[in-house]
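**Student:** Sending over a structure as structure tokens; questions will come in a sec.
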Amino acid sequence: MANPDKSSSAIAYVYRGTFVHSTQQTALQVQEDALLGVDTEGKIAFIGEGKKLEALSQVFEFSPSEVTQLTEHEFLMPGLVDTHIHACQYSYAGTALDLPLLQWLNTYTFPVESRFKDLEFARRVYTHVVKRTLTNGTTTACYFASIHTDATLLLGQIANDFGQRALVGKVCMDRNDSVKHYRESIQESHDETCRFIKEFLNKKYPLAKPVVTPRFALSCSRELLEQLGKIAKNNNLHIQSHISENKEEIQLVKELFPESESYTDVYHKYNLLTDKTVMAHGCHLSDKELAVFKETGASLSHCPNSNFSLCSGVLNVRNVLKHKVKLGLGTDVAGGYSSSMLDAVRRTLDASKILTIQDPKHETLSFEEVFRLATLGGSQALSLDDQTGNFEVGKDFDALRVNVAAPGGPIDLIHSEGPKTLLEKFLNLGDDRNIVEVFVAGKKVVPFTEPKAE
């Protein structure tokens, strides 16, 4: 595994112990007594066998005495990737789960989101959500914000200050008959989106990027969808939205866009399905629609907690993967009540088992496959897999140091267990108490050091 080509940057630190990650070919790859070196630019400089410490230390010019040794119950894994989370809904996460999607939006979501014109309120909520997700091991998050440009710029700044890799979207919506003060005109949405993108890119954040964000087809006119497709293309930006979340929504889209063949066709017609698009949910997509996703390179974010909590549907992940459509996992706060990607892993397994109960011929997802979806799959869904998602030389070191036997933690180890079993226990039983350190692009971001004021 060692790369003989020496990095041009000096080595910042080296870990020795057990590393677990995924590759395109293998859902779970375990390396025991391995060495991993990170350079001063935050990139993985080498991966090699522990017994080759002396040789590697000479090639990469580091002292063997400075290597950090992981303990028996510790391992390094890639950071978790949340491909869909509404940062502006975090304040009421864990409540308001008694209505289906459209009524839920009108009753709870839009009134809360309208408060984000207040920048102090926005700062308080966004600081909490970034810190909480990092503590939970989310090294990359794809955020929906609200329609408010300045508050959304603030979310980008907070993610940058705490060192999280983030895609941040100002929501665009020119249709909203239920909460009339929470919508924009077409012109406002266009102009504010352009201002948001320009000001965000001018910040030159190393790890945070803007994403074009039509809320969903029901809240956007044809004209707005068309303009957003052009903005994304002209700026080569990511796109995020929702699709086929529940059946009532799908029927309304059909009535609103009678000229379109399907929900997918609405977005496709306005150039909003690209290889940098991630669409949340997709519970009820047809095979024909999935073929369009494959053809365009667009991806899906599977949000099982929300799909259950709002009684929206159960996505057949196995079928999506058979169509070779990119897929990652999302918490979908606050439709999903947990901001932890470990919860998304568990609900993904639950959803797959429910499908097997309904049809015994269904091939249940394994925990190894779901581990890949939460890490490498998420980075692929966000078209960031050239930078992150697993442990490969040259990629950024986005990683969690996990201690399954953390003092005061939720896991009791009765027997001596191998690394695969330790990972399975962590995914099923673990929480933030087991996540000792979090790294993004080589920088240790958890435990926190408070951002310095400029």
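Throughout, read-outs are computed from the coordinates displayed, never taken from laboratory work. Here the structure is a predicted model, which means the values were calculated and not measured. Using ideal geometry, Cβ is built from the backbone for each residue, glycine included, and neighbour counts are taken over all protein chains shown.
**Student:** Just want to confirm a number: the relative contact order over the stretch 80-381, from Cα pairs under 8 angstrom separated by 6+ residues, in percent.
**Tutor:** Numbers: 617 pairs, mean separation 60.2, N = 302.
So the answer I get is 20 percent.
**Student:** For the chain, take the longest principal axis of its alpha carbons; what is the angle in degrees between that and the long axis of helix 149-162, to the nearest 10 within 0 to 90?
**Tutor:** Value to nearest ten degrees: 10.
**Student:** Could you work out the equivalent-ellipsoid semi-axes for the chain, taking the square root of 5 times each eigenvalue of the Cα gyration tensor, largest first, in whole Å?
**Tutor:** 37, 24, 20
**Student:** Further, regarding this structure: No solvent, one uniform scatterer per C-alpha: report log10 I(q)/I(0) for the stretch 285-409 via the Debye equation at q = 0.11, 0.16, 0.18, 0.23 1/Å, two decimals.
**Tutor:** Relative scattering, expressed as log10 I(q)/I(0), comes to -0.42, -0.86, -1.05, -1.43.
**Student:** I would also like to ask the following. Helix 419-429: angle to the longest alpha-carbon principal axis of the chain, degrees 0 to 90, nearest 10?
**Tutor:** Computed tilt is about 40 degrees.
**Student:** Next question, about the same structure. Take the alpha carbon atoms of the stretch 189-255, find their center, do the same for the stretch 12-35, and report the distance between the two centers in whole angstrom.
**Tutor:** Taking the Cα centre of each part, the stretch 189-255 and the stretch 12-35 sit 37 Å apart.
**Student:** Rounded to the nearest 5, what is the percent of antiparallel bridges among the DSSP beta bridges in the chain?
**Tutor:** Numbers: 27 of 58 bridges.
In the chain, approximately 45 percent of DSSP beta bridges are antiparallel ones.
**Student:** Follow-up. Within straight cross-link reach of Lys294, meaning Cα distance under 17 Å, which lysines are found once same-chain residues fewer than 8 apart are removed?
**Tutor:** The qualifying lysines are Lys269, Lys276, Lys322, Lys324, Lys326.
**Student:** Which three numbers, in whole Å and largest first, are the semi-axes of the equivalent ellipsoid of the stretch 121-194 derived from its Cα gyration tensor as √(5λ)? Walk me through the numbers before you get to the answer.
**Tutor:** Details: eigenvalues 135, 30, 21 Å².
The equivalent ellipsoid of the stretch 121-194 has semi-axes of 26, 12, 10 Å.
**Student:** A follow-up question, please. Would you list which lysines come within 27 Å of Lys180, measuring only between C-alpha atoms, while excluding same-chain residues fewer than 8 positions from it?
**Tutor:** Within reach: Lys117, Lys170, Lys230, Lys247, Lys254.
**Student:** Work through the residues other than Arg222 whose Cβ is under 12 Å from its Cβ and net out their charges, Lys, Arg +1 and Asp, Glu -1. Walk me through the numbers on the way to the answer.
**Tutor:** On the way: positive: Arg175, Lys269; negative: Asp174, Glu223, Glu226, Glu259.
With Lys, Arg at +1 and Asp, Glu at -1, the neighbours total -2.
**Student:** Between the helical axis of 222-235 and the dominant principal axis of the chain, each derived from Cα atoms, what acute angle in degrees is found, rounded to the nearest 10?
**Tutor:** For 222-235 against the chain, the angle is about 30 degrees.
**Student:** May I ask you to order 317-330, 194-207 by the average number of other C-beta atoms within 10 Å around their residues, highest value first? Kindly include the intermediate steps, with their values, before the conclusion.
**Tutor:** On the way: 317-330: 20.9, 194-207: 15.6.
Ranking the peptides 317-330, 194-207 by packing returns 317-330, 194-207.
**Student:** With a point put 7 Å past each Cα toward its Cβ, work out how far Lys420 is from Asp350 in nm, to one decimal.
**Tutor:** Label-label distance for Lys420 and Asp350, simple model: 2.7 nm.
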